[in-house]
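Everything on this sheet refers to the single structure shown next.
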């Protein structure tokens, strides 16, 4: 029964993406811009939630994975650009999709690399390692001339549209939601709730932690690829620590471990950023105040309890 | 539904379609890391618009300035420029100081066929985006060459370089400096790097000191340049430090104090220049804002004035005609020197070298292209 609902949601989400794509010509550029950013933020937040929310590993390196995906896919499409300029549209889109996938795969390889130290670290220590790793990715790019260095890469073909963005966002939500609700995926939650007990019960906690990093990084890489092919210009500065913090805020605001919650928070924060533009210089103050109020009123996050009340495990 | 909510929530101003006004867009980093530049640029543009309106507007219409803040953040420039173009329908856009954010906005302006004039983005790639993108400042190759030329003229043949590798502007400046300097008989004795936000430069400076340079190029922005200068003096490095227009901020001397004395930097204009254009700009700026203008406000003012001049020459605000009028600008008497736009839509004009003396930026000489 539950599986039915998940499949239905997947189909509905994909249909909504197609519908959005179809009405896109009627929207102005700014509206499309916000929709795409919201979609990219959904992918980032939902994928980070798998690591931070469901598996309980505090990662601060999401922007690094995003950068890995963005640069990998951009280098591929930039290399192919002369050939694709005259190719039929479907070929260009197919190449774009392959580039996105390559970016995602490379990011998940990076996720594997950072997942391995998480065998020995937890809590604050892991947070520092992921933070460092995200910075390493950025600094390596900054000092690599072939990747544009600090000057960034410009002229990336703008292939990203609403169909790709929301199609991938839907798949990300579907994969993460059905993964943690599956028999296998209960292992993620057990690692979060009590690592020692999980280990005693025969759960391979190492495997689960690495899996969470690999899957989370894969989607972050896709999000990075979408971002690069939307803005057309990327620079290492755009993938700094603050970008990771933005995503962490979405996860905490939405409710750690609640997929619908973090997706809603991603949309809410994207819209809030735009709606508050009229406050001009005071925008960030208003933004921060709203966050503080929200956290006081709902410390468990927007939809935090919605999913958690099912578990009655007492906190030690 | 979401969509409807969103649109009704956002339509605050009665935009577009008022036939008696011309909308000019501007995006700037009013907040965030480079807020100092953004604020200065905004004041320059604001002043130009007010001045034009006080003189009866342009083409018989009032000008309305729409300003958006990009928070000095990646991704924001693209968003605010799309917002401006969709909501306010500006005839032209002025922005940005930082090359990285101009590069985000340029493809959007090009695609929408809206002329964009950058006041101070010195990266050559900005105007390479397309034929609607212009700039009123000189570019990194020129500034790098000016500094190299100046050093060689003074007989400093051994230079060390300290570059902020995090800023594309600084990396570009270093590349072109090295190119000119080594080709004209100079030697680079040491090359070190740092990242914006660093506080300690002693390791790099110690290594530079051991190579005995006659001058040190510090390619970066004012925040770190100030710290570098004071730490260099602490390490007893007495040779002059040189920088580009990224040094131009009152904070430069505030941070370093006496350690900045005697150092040089290249800039777009000097307040000490006796030309009437500069002096009348200074007087007007001081009257309006009760402070002295920096190069960013002068450049932004020039960008706006050049745009209004092009509108008058075109006799219309239609985008192709306006683009052609801007492109054909020749010998426009601007505050930062006479501007002629070349075939690559870059301004060809002279640079000034300033020296820090008693905490003030003193005019030393003008270096022609």
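The values are calculated or read from the model by the stated rules, or taken from the named source; none is laboratory data. What you are looking at is a predicted structure, and each value in this text was computed from that prediction instead of being measured. Because the Cβ atoms are built from the backbone with ideal geometry, glycine has one as well, and the counts that use them run over all protein chains shown.
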Of the listed residues (B:211, B:182), the one being surrounded by fewer than 18 Cβ atoms within 10 Å (Cβ to Cβ) and part of a helix (DSSP H, G or I) is B:182
Conditions (1) touching a helix residue (DSSP H, G or I) at 6+ places or on another chain (Cβ under 8 Å); (2) away from every other protein chain (no Cβ under 13 Å); (3) part of a loop (DSSP other than H, G, I, E, B) -> residue B:117 fails only (3)
- Confirm whether residue B:282 is part of a helix (DSSP H, G or I) and crowded, with 24+ Cβ neighbours inside 10 Å. no
All-but-one check, residue A:59 against (1) in a loop (DSSP other than H, G, I, E, B); (2) in contact with a strand residue (DSSP E or B) (Cβ under 9 Å, 6 or more places away or on another chain), failing number (2)
Expected single match for under 20 Å from the mean Cα position of the chain (by Cα), part of a strand (DSSP E or B), in the same structural domain as residue B:119 (by TED's automatic domain parsing) and buried (at least 17 other Cβ atoms within 10 Å of the Cβ) among B:326, B:339 is B:339
If we ask which residues in region B:44-81 are within 28 Å of residue B:172 (Cα to Cα) and within 14 Å of chain A (Cβ to nearest Cβ), their number turns out to be 14
Matching residues in region A:272-304 (assigned to a helix (DSSP H, G or I), within 24 Å of the chain's Cα centre (by Cα) and more than 10 Å from every other protein chain (Cβ to nearest Cβ)) number 10
Residue B:140: passes all of (1) at the interface with chain A (Cβ under 8 Å from one of its Cβ atoms); (2) closer than 19 Å to residue B:41 by Cβ but (1)
Within region B:102-114, of all residues that are surrounded by fewer than 24 Cβ atoms within 10 Å (Cβ to Cβ) and part of a helix (DSSP H, G or I), the one farthest from the other protein chains (Cβ to nearest Cβ) is B:110
Reported set for region B:90-117 where residues are at pLDDT 95 or above and within 13 Å of the chain's Cα centre (by Cα) is B:94, B:117
All conditions in (1) closer than 24 Å to residue B:188 by Cα; (2) within 12 Å of chain A (Cβ to nearest Cβ); (3) in contact with a strand residue (DSSP E or B) (Cβ under 8 Å, 6 or more places away or on another chain); (4) not in a helix (DSSP H, G or I) are true of residue B:123 except (3)
- prompt: If you go through region B:81-93 one residue at a time, do you hit one that is part of a strand (DSSP E or B) and crowded, with 24+ Cβ neighbours inside 10 Å?
  reply: yes
Those residues of region A:146-155 which are assigned to a helix (DSSP H, G or I) and within 9 Å of chain B (Cβ to nearest Cβ) amount to A:149, A:150, A:151
- request: Check region B:14-25 and report whether any residue there is facing another protein chain (nearest Cβ under 9 Å), outside any loop (DSSP other than H, G, I, E, B) and modelled with pLDDT of 90 or more.
  value: no
If you go through A:60, A:44, the only one that is away from chain B (no Cβ under 14 Å), within 19 Å of the chain's Cα centre (by Cα) and under 27 Å from residue A:182 (Cα atoms) is A:60
Exactly one of B:162, B:173 is touching a residue at least 60 places away in the same chain (Cβ under 8 Å) and either at the interface with chain A (Cβ under 9 Å from one of its Cβ atoms) or in a strand (DSSP E or B) (or both), and that one is B:162
Those residues of region A:249-266 which are surrounded by fewer than 21 Cβ atoms within 10 Å (Cβ to Cβ) and under 28 Å from residue B:100 (Cβ atoms) amount to A:249
Taking region B:287-307 and keeping only residues that are farther than 25 Å from residue B:226 by Cβ and either surrounded by fewer than 21 Cβ atoms within 10 Å (Cβ to Cβ) or out of contact with any strand residue (DSSP E or B) (no Cβ under 7 Å at 6 or more places or on another chain) (or both), one is left with B:287, B:288, B:301
